[in-house]
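Read-outs throughout are calculated quantities, based only on the coordinates presented, and are distinct from any laboratory measurement. None of the values given here were measured: they were computed from a predicted structure. FYI the Cβ positions are ideal-geometry reconstructions off the backbone, even for glycines, and counts take in every protein chain you see.
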Amino acid sequence: MEKRATLEVIAPTVEEAVNQGLSELGLPPDAVEIEVLDSGARGLFGLGGRQVRVRLTVKGGEAESAGESPAAPEGVVSEAGEVSAEADDALLRLAEQTVAELLDRMKIRARLETRYGEADDDGRRPVLVDIHGDDLGVLIGRRAEILNALQYIVNLIVGKKAESWVQIVIDVEGYRMRRDRQLRQMARRMAEQAVRTGRRQVLEPMAANERRIIHLELRDHPQVLTQSIGEEPARKVTIVPK
């Protein structure tokens, strides 16, 4: 099966979407196949409405002519491996389409990359949707409240359409990766403090997915235990010396 780089762009007009996509890919118009996934709609009296969504697919000959595969720009599902092979997966497409439609309603221009994550202990792989673009801080919010809300809504919609539970993790410009790293570092630091002082350490209130990171980071620690206390949305992790 031929694996080719693809890029989806959301913009006010087809022309703007195509131009943005070509700029991101660094290719001329004749080097890609262009597919209008959503032609958009004008709102009442020219207000509101729905933006267009366009998919650009790099033609096979373009990559082969140089004798090697071109480097994929950010937001492009193009590696010649598991990710590209799964790009036609119905579940991935459903997740990506759902996120794209919600962003469209929010009037946010962005690029999406969708793939499967690593399998958990039960062999289930989450669907990862990475959102790339400019000025996307509005999608994160204070303590990722907006991002978590968006993720929750997408999980509900996709789960209902797929008629089965699906774990979908949405990230914006690597925010969750950076936050994950910060939480793990904090967990180790507070564990050391708990051991040194002999006193339990109470962390700030966190969402369930962030508390899980703390618990996992310290689950094999020989000198501390972790517990969650309190009620949502102020539930916290405590680190207790053994």
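Computed quantities for the displayed model
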| read-out | value |
| --- | --- |
| Which of THR6, THR57, THR114 has the fewest Cβ neighbours within 10 Å, and the rest in rising order | THR57, THR6, THR114 |
| Estimated FRET transfer efficiency when R0 is 25 angstrom, pair THR57-ARG105 (beta carbons, to 0.05) | 0.45 |
| Counting DSSP beta bridges with both ends in region 85-192, the antiparallel % (nearest 5) | 55 |
| Cα-based shape type of region 120-187, given that a ≥ b ≥ c are square roots of the gyration tensor eigenvalues and the cut on a/c is 1.5 | oblate |
| Cα shape, region 177-241, gyration tensor, a/c 1.5 rule | oblate |
| Contour minus Cα-Cα distance for VAL36 and ALA149 (0.36 nm per residue) | 37.8 nm |
